[in-house]
Amino acid sequence: MTDLRNYVLVTGAYWAFTLTDGALRMLVLLHFHALGYSALQIALLFLLYECCGVVTNLLGGWIGANLGLRVTLFGGLALQVFALGLLALLDPGWPAVLSVAYVMGAQALSGIAKDLTKMSSKSAIKVLLPAGAHGALFQWVAILTGSKNALKGAGFFLGGLLLAGLGFRAALLVMAAALMLVLLAAVVSLPGEMGKAKKKVKFNQLLSKSREINLLSAARLFLFGSRDVWFVVGLPVYLSASLGWSHAGVGGFLALWVIGYGGVQALTPRLLQRGLGGGTPQGGSASLGAFALAGLTAALALGVQFQLDPWLTVVAGLALFGVVFAVNSSVHSYLILAYSSGDQVAVDVGFYYMANAAGRLIGTLLSGAVFQWAGLSGCLWVSCLLLVAAGGLSLRLPRGRYALA
């Protein structure tokens, strides 16, 4: 019961953080788009956010293993409160160069906060479950990952709503105050030794991984790059500039997309139950999902390129993309915990999410640049190429049952 209580506490803190993270992304994107910033300039606002995620996941896993996941979780929540406060001090009268640099710096802190919190929360699942609990691990990972993404989608909607109702500065201050209350509750409630390795993890162990973890991490890089290359900047700007959608409409659509995506992730164990014959996913599940996404994305790119009905291609097509991507992402999230060493799970998970952050960084950069030069169809073609790479790497993952460490 204690482990279940701690799981609920960690998940609740992660949920609260995720709401502010999704809202912050939408606040920044819509606010600066309204100020007349180009797609590439908006992408640059998120550049350090993604860059810091690469380093944070690697070092955060090492810190979590040596000092405990409680330290990294609290650090992530506190940094997000600080980043929100900094952004609230942004002066609209500043020159564009100064504003971009300032927001990039504050977003960098938010990126560190996000990855510390995510690494801590996902590693805690493995720590709180008994060794060998394959089915329970798959279900708990799916619930945490799915609920997180559903709440991030709600955060997109919340960001658009707060921007319209309160304005940029007041919205940030309200979110900072709410997250501070969550941090105080977590400090009082969570145990101090959660996730701490029995023996100190040496720094040179950070990059020493098994073949399975290396392959899965590389596949994850391409998988998430394939999503963010059209999702981060290309799609929101396309909906606003090309289709004439309002800020609330853009935020609402992205919110529903991510909420549905999270819901499918949470249901993945049930959706795959018959196909897996009561077992758990293996490498074949990951490769099949990536190649299916590549085919779907190519079809969507052709639809946009030949100017078919945008409701059929962009809205319905990307909704279908979200379903398939959600299942594949949930499979990935299970496999990394299955491949990880129980005593050093934070280090292994941190390495894996370092690759995830690198994929998001690549996708974010490409999203602004490719959209500016080749439109949404160009973004989708690049996404297709990245998915083929993810599928090829996943083909080399183990096909048989992999024993949980």
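The values are calculated or read from the model by the stated rules, or taken from the named source; none is laboratory data. A quick note: this is a predicted structure, and the numbers were derived from the prediction, not measured. Cβ: placed from backbone, ideal geometry, glycine included. Neighbour counts: every protein chain shown.
Brief remarks follow.
- Contacts under 9 angstrom Cβ, first residue in segment 74-102 being within 30 Å of residue 12 (Cβ to Cβ), partner surrounded by 12 or more Cβ atoms within 10 Å (Cβ to Cβ) and among the acidic types (Asp, Glu), 6 or more apart: 76/115; 80/21
- Of the residues 266, 290, 255, 301, the single one that is assigned to a helix (DSSP H, G or I), hydrophobic (A, V, I, L, M, F, W, C) and over 19 Å from the mean Cα position of the chain (by Cα) is 301.
- Listed by first and then second residue, the pairs linking a residue in segment 198-225 that is closer than 19 Å to residue 328 by Cβ to a residue that is modelled with pLDDT of 90 or more and of a type in the set (S, T, N, Q), with Cβ atoms under 6 Å apart and 6 or more places separating them unless they lie on different chains, are 219/394.
- Count of residues meeting criterion [small (Gly, Ala, Ser), part of a helix (DSSP H, G or I) and modelled with pLDDT under 85] in segment 213-252: 8
- Among (1) within 22 Å of residue 26 (Cα to Cα); (2) in a helix (DSSP H, G or I); (3) modelled with pLDDT of 80 or more, the one test that residue 295 misses: (1)
- Residue in segment 295-314 that is in contact with a Cys (Cβ under 6 Å, 6 or more places away or on another chain) and within 17 Å of residue 257 (Cβ to Cβ) present: yes
- The residue that is surrounded by the most Cβ atoms within 10 Å (Cβ to Cβ), counting only those in segment 179-212 that are within 30 Å of residue 290 (Cβ to Cβ) and modelled with pLDDT of 80 or more, is 212.
- Being in contact with a Ser or Thr (Cβ under 9 Å, 6 or more places away or on another chain), closer than 24 Å to residue 372 by Cβ, β-branched (Val, Ile, Thr) and modelled with pLDDT of 80 or more is a property that residue 313 lacks.
- Just one residue in the set 59, 24, 40 is of a type in the set (A, V, I, L, M), out of contact with any strand residue (DSSP E or B) (no Cβ under 8 Å at 6 or more places or on another chain), in a helix (DSSP H, G or I) and modelled with pLDDT of 80 or more; that residue is 24.
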